Amino acid sequence: VKDDKAVVLLSGGQDSATCLAWACRRFKEVHALVLDYGQRHSAELAAAARVASMACVPVTRLEITALNQLTHNALTRASVVVAAPKGQLPTTFVSGRNVIFTTYAAIYAREWGAHHVVSGACQTDYSGYPDCRRVFFDALQTTLALAMDWPVAIHTPLMWLTKAETVKMMGDFGHLDWLAASHTCYEGLRPACGVCPACELRLKGFAEAGVRDPLEYVRRDGV
Ligand SMILES: [Zn+2]
């Protein structure tokens, strides 16, 4: 139903680029919101701008320096090593990120007169982030409606998809080229390194989908 407006949280990664394509197909007007919290992947922010321009959607970039000041994790502190200790959240978990991000998107939506927000959160390859679960978004949706007297539907189209299914979805939309502009590499490299855990996961998803990743890599195994 192309009858409404939606705000897409765009990080510059593969998932949010796919969400942008999903939203462009479903909604009449789409705006992208890019949130800068001084994340380790600053290459992501440049990627977000490229993807938004390929999609021809207006983009707003906000700085949330407070989130960086408050949190100590592998994405906000170079001294924190990426790890996933047993029984604990991974060190890449940013406390409160999705509650803050989605809340800003909902505020943007209300000011713009929109009732839809789109997040690329995904529970399928659940790495233990509590704020990637659908139950969290359901609760936040209720909270935001109460807080602002303005219902906002929080869409999470990738929530139950595998990486391979996400790649196929983008292929179905005919926008695989947008993924050449997206950024995934944990090392922040462009061309991407092809060997870090983030690159490996991305390449695995493409391999399983039987699609060649249009992104440039220094080296790649498989397709
Ligand atoms: Zn990499």
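Within the stretch 198-212, the set of residues being more than 9 Å from the ligand (Cβ to nearest atom) and surrounded by 20 or more Cβ atoms within 10 Å (Cβ to Cβ) comprises L203, G205, F206, A209.
Taking A66 as the residue in question, decide whether it is farther than 25 Å from R202 by Cβ, part of a helix (DSSP H, G or I) and among the small types (G, A, S). In short, yes. Of the helices (runs of 4 or more DSSP H) lying entirely inside the stretch 134-197, those containing at least 2 residues that are surrounded by fewer than 20 Cβ atoms within 10 Å (Cβ to Cβ) and in contact (Cβ under 8 Å) with a residue 60 or more places away in the chain span 163-173.
Scanning the stretch 213-223 for residues that are aliphatic (A, V, I, L, M) and surrounded by fewer than 16 Cβ atoms within 10 Å (Cβ to Cβ), we see that the one that is farthest from S182 (Cα to Cα) is V223.
Residue under question is T156, and the condition is that it be touching a helix residue (DSSP H, G or I) at 6+ places or on another chain (Cβ under 8 Å) and away from the ligand (no atom under 15 Å from the Cβ); does it hold? It is true that T156 is touching a helix residue (DSSP H, G or I) at 6+ places or on another chain (Cβ under 8 Å) and away from the ligand (no atom under 15 Å from the Cβ). Scanning the stretch 47-100 for residues that are within 27 Å of E216 (Cβ to Cβ), surrounded by fewer than 18 Cβ atoms within 10 Å (Cβ to Cβ) and touching a Ser or Thr at 6+ places or on another chain (Cβ under 7 Å) returns a single hit, V82.
Scanning the stretch 24-63 for residues that are part of a helix (DSSP H, G or I) and farther than 30 Å from H115 by Cβ yields S42, A43, A46.
We did not get these values from a lab; they are worked out from the coordinates using the rules stated. This structure is a prediction, so every number in the text was calculated from the model and none was measured. Glycine gets a Cβ as well: all are built from the backbone with ideal geometry, and neighbour counts include every protein chain shown.
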